[in-house]
Amino acid sequence: MDTQLDLWEVFIQGKSGGNYTHAGSVHAADSNMALQNARDIYTRRNEGSSIWVIPSKYVVASNPEDADMLFDPANEKIYRHPTFYVMPEGAKQI
Amino acid sequence: MESVIVSSDFQSKIDQDANIEPKDSMPDAYREHLIRQISQHAHSEVIGMQPEGNWITRAPSLRAKQILLAKIQDEGGHGLYLYSAAETLGISRDEMIRQLHSGKAKYSNIFNYPALTWADIGAIGWLVDGAAIVNQVSLQRTSYGPYARAMVRICKEESFHQRQGYEIMTKMMNGTEAQKQMAQDAMNRWWWPSLMMFGPHDSDSPHSGNAFTWKIKRKSNDELRQKFIDKTVQQAEVIGLTIPDPELRWNETKQMYDHGEINWEEFKRVINGNGPCNRQRMEHHMHVHAEGAWVREAAEAYAKQQH
């Protein structure tokens with residue numbers, strides 16, 4: 001029998017308004033304990049202004065081996081970047 | 001998700017320029033204001049695909065077609081970022097779509113105008129997206145976290161939209177006499193509706209009071225409009241386009257352009273459903289939404305079968 005409690009993924013928001021980014025995971029019996037543990041383990045040096053914890057079993061991940069199939073098509077679409085376009089000389093703030 | 005740390009008072013957070021997150025306590029009116037604004041913004045992105053989609057099959061080159069497709073795909077993506085941000089406030093996507101169809105929720109007036117020629121695609125990218133960018137840059141600092149983050153992502157992607165539009169206009173202004181006229185004609189038709197995108201004058205803006213107190217809005221309609229005019233006039237001049245406003249002139253004292261009065265009668269007429277394309281836009285959305293119902297049903301039925 002596993003006595004190590006469930007696994008939770010931890011996301012930390014560095015400063016107010018910013019993105020929540022993945023920091024790592026913790027073990028905990030419930031959501032409150034997961035938040036507490038996340039605070040103790042991942043924000044000892046003021047890394048965070050807010051924390052999300054999510055049961056790891058709910059994370060669905062893509063397979064890294066599929067990276068080519070998933071992301072290659074974006075490589076050739078350079079026209080999605082503003083630098084693709086030549087702006088007339090003298091045009092400002094565009 | 002419960003919060004371990006007790007949230008401090010809402011307004012004092014706002015006053016300290018802290019962002020509000022979905023699980024924070026917030027006044028109902030703040031929540032409702034955001035739902036109205038973010039869902040309207042999302043609907044605008046989605047309805048905005050229609051006037052441009054109209055030109056995919058008639059784009060003048062393969063290059064132009066690829067670019068236009070990529071841009072429209074972005075607009076769809078932007079709509080989805082925004083619907084998701086609104087959903088964090090407790091409204092469902094179904095409900096937002098219902099409100100759009102019933103007319104309770106609005107979308108930007110600008111998309112009730114038709115894209116008549118290829119130059120309109122240039123004018124939409126340059127002027128309409130240009131105006132949207134001015135607004136959205138300021139919204140990157142809006143007080144609601146999920147909305148602010150969606151805006152950061154959107155602004156990063158929008159700059160190609162404006163540049164591709166300006167490139168179309170530049171090319172046409174370097175072309176034949178007929179092409180130049182077409183570009184100027186598009187400019188004439190899109191300039192004023194673009195200025196209307198910023199909404200009524202500050203003195204006449206019904207939702208502004210709380211929006212400033214809560215820092216949902218950081219700059220006023222008139223400030224943003226002025227910013228757009230000031231940066232766009234020079235861009236028009238460089239490629240030889242004339243701004244269709246005889247009263248437009250540089251004000252040396254104020255260091256900004258003075259401009260003519262906007263036709264608010266037209267604004268009201270279009271917002272109340274009587275623009276050139278209001279009915280067409282809504283009918284198309286309802287039609288496609290109903291037509292796609294079987295796909296959603298099939299996906300659910302398939303998922304059920306897997307379990």
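The values are calculated or read from the model by the stated rules, or taken from the named source; none is laboratory data. Fair warning: this is a prediction, and the values are worked out from it, not measured in the lab. Virtual Cβ from ideal backbone geometry, glycine too; neighbours counted across all protein chains shown. Only protein heavy atoms, including side chains, enter the accessible area calculation; ligands, DNA and RNA are left aside. Shrake-Rupley method; radii C 1.70, N 1.55, O 1.52, S 1.80 Å.
A few points about this structure:
- Heavy-atom accessible area with a 1.4 Å probe sorts A:Arg44, B:Arg98, largest first, into A:Arg44, B:Arg98.
- Point-to-point label distance, A:Gln93-B:Thr253, nm (Cα→Cβ direction, 7 Å offset): 2.2 nm
- The Kirkwood radius of the range B:55-128, taken over pairs of alpha-carbon atoms, gives through the Stokes-Einstein law at 10 °C and 1.306 mPa s a diffusion coefficient of 110 µm² s⁻¹.
- Model label sites at B:Ala70 and B:Lys106, defined 7 Å from Cα along the beta-carbon direction, differ in position by 3.4 nm.
- Contact order normalised by residue count of the range B:192-302, Cα under 8 Å, 6+ apart, percent: 18 percent
- Average beta carbon contacts from partner chains per residue of B:156-163, 10 Å cutoff: 4
- Average beta carbon contacts from partner chains per residue of A:46-53, 10 Å cutoff: 2
- Accessible area of B:Leu62 (1.4 Å probe, protein heavy atoms only, ligands and nucleic acids ignored): about 120 Å².
- Diagonalising the gyration tensor over the Cα atoms of the protein assembly as shown and scaling each eigenvalue by 5 before taking the square root yields semi-axes of 41, 26, 22 Å, largest first.
- Largest-first principal axis extents, alpha carbons of the range A:6-84, Å: 48, 28, 16
- Exposure rank, largest accessible area first [A:Tyr58, A:Tyr85, A:Tyr42; 1.4 Å]: A:Tyr58, A:Tyr42, A:Tyr85
- Additional length obtainable on full extension of the chain from B:Asn54 to B:Arg153, 0.36 nm per residue less Cα span: 33.0 nm
- Look at the stretch A:83-91: the mean tally of other chain Cβ atoms within 10 Å of its residues' Cβ atoms is 6.
- Based on every Cα atom in chain B, Rg and the maximum pairwise Cα distance Dmax equal 20.6, 71 Å.
- Debye intensity ratio I(q)/I(0), log10, the range B:1-112, q values 0.12, 0.20 Å⁻¹ (C-alpha model): -0.56, -1.04
- Using R0 = 51 Å, the C-beta based FRET efficiency linking A:Thr21 and B:Ser203 works out to 0.75.
- Result for chain B in a Gaussian network model with C-alpha springs under 10 Å: among B:Pro22, B:Pro51, B:Pro60, the largest mean-square fluctuation is at B:Pro60.
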